[in-house]
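Just so it is clear, none of the values below were taken in a lab; they were calculated from the coordinates. Note that this is a predicted model, so its numbers are computed, not measured. Ideal geometry is used to build each Cβ from the backbone, glycine not excepted, and the neighbour counts take in all protein chains shown.
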Amino acid sequence: MGDRLVSVLRWFELRARVFQTGPLCHAAIYDAEGGLGYIHVLRSGRMQVETEGQGAVEVDQPSLLFYMTPTTHRLIPDPEGADTVCASFEFGAGLHNPLVSALPERVVIPLADLPILGGTLDVLFREAFEDHCGRQAILDRLAEVLIIQLLRELMDQQRIQLGLLAGLSDPRLAKAINAMHTDPGRTWTLAELASIANMSRARFATRFRETVGTTPMSYISEWRLSIARSLLRRGKSVQVIADEVGYGSASALSRAFTANTGVSPREWQKRSLEGAP
């Protein structure tokens, strides 16, 4: 099936920062306006998790909580305590990363259901609760590894029923999606993609729409524009980007980009670079 995440990780930079380790002493609120995703690992104890628009859940065993999209939520520790490791992250912020819409706002999974993450979690906890040189850098990298492993495990366990991860969980659809991801500049046809998936055109189109939530042609268009945003943020010219993502000219890319975002590629690039740290 190939590496189902390699192209996403190539174009959308994952950066995490661990900001909380040890006992969570007071209720903590995380605001969606910060534009960040969050991953919280409950090592021991219990806590209540309140998510805007979803109500509250009680987490009473070691668990992983994952917010791929910026979502306002609050962690309320039990009076007897809750040992946690918490990190915020960006994953192609502002670039319309297709994974962002591929997950529900809140994912809560007991660590017992994620044994493959055990090795990473052991190292994460050891670094989090000791004090060594380079601790913050190691914690941040481990949080990034944990997120990637979690995405892989969600696919392997087929926990997500709609969106990109659901498509990548389907062995046949994954072949076609990987092909689009690997070669966005190619003029793909429905027949070619169906052939890669070893399906009829009608069956492929229906299954893709029902699983991913959009048509194959709409998906490749969105994927190209997402890559275009990534390259614009890196300072590439509109003409270079048009050639790389499969538009016949800079003007063709500009028309598609403006129709999708409401601003021209150059204006979007200017705003993005002005806002870059």
Rounded to 0.05, the calculated FRET efficiency for the beta carbons of ALA252 and ARG10 at R₀ = 30 Å is 0.80
In whole Hz, what ³J(HN,Hα) sequence does region 234-240 give by Karplus (6.51, -1.76, 1.60; θ = phi - 60°), x for Gly and Pro?
7, x, 6, 6, 4, 5, 4
Just to confirm the number: angle between the C-alpha axis of helix 171-182 and the first principal axis of the chain, 0 to 90 degrees, nearest 10?
70
Burial ranking of peptide ranges 139-152, 73-86 (average Cβ count within 10 Å, highest at the top):
139-152, 73-86
So, R0 is 41 Å and r is the distance between the beta-carbons of SER218 and ALA112; what FRET efficiency does that work out to, to 0.05?
0.60
Through the Karplus equation 6.51 cos²θ - 1.76 cosθ + 1.60, θ set to phi - 60°, convert the phi angles of region 12-29 into ³J(HN,Hα) values in whole Hz; use x for Gly and Pro.
10, 6, 9, 9, 10, 9, 6, 10, 9, 9, x, x, 8, 8, 9, 4, 10, 10
Whole-number percent relative contact order across the chain, with pairs defined as alpha carbons under 8 Å at least 6 apart:
17
Starting from the Cα of THR182, step 7 Å along the direction of its Cβ; do the same at ILE148; then give the gap between the two resulting points in nm.
1.9
Once normalised by the length of region 6-156, the mean sequence separation of its alpha carbon contacts under 8 Å that are 6 or more apart gives a contact order in percent of 31
Any chance you could run the full-extension gain for SER200 through GLN161? It's 0.36 nm times the residue separation minus the Cα-Cα distance, nm to one decimal.
11.8 nm
On a 0 to 90 degree scale, rounded to 10, what angle separates helix 265-275 from the longest Cα axis of the chain?
20
Sum -39500 (n - 2.57) across every DSSP H segment of at least 4 residues in the chain, then divide by the residue count to get the 222 nm mean residue ellipticity, nearest 500.
-14000 deg cm²/dmol
With θ taken as phi - 60° and the coefficients 6.51, -1.76 and 1.60, list the Karplus ³J(HN,Hα) couplings across region 116-126 in order, rounded to whole Hz; mark glycine and proline as x.
5, 8, x, x, 5, 5, 4, 5, 4, 5, 4
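Whole number please: convex hull volume per residue of the Cα set in the chain, in Å³?
Output value, Cα hull per residue: 138 Å³.
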Using the charge dipole of the chain (Lys, Arg: +1 at Cβ; Asp, Glu: -1 at Cβ; taken about the Cα centre), state which of CYS133, SER195, VAL18 has its Cα farthest towards the positive end.
SER195
Under the rule of at least 5 residues apart or a separate chain, name every residue whose amide H is placed under 5 Å from the amide H of THR72.
ALA32, GLU52
Please report the relative contact order for region 170-275, taking Cα pairs under 8 Å with a sequence separation of at least 6, and give it as a percent rounded to a whole number.
22
Nearest 10 degrees, 0 to 90: helix 216-233 Cα axis against the chain principal axis
70
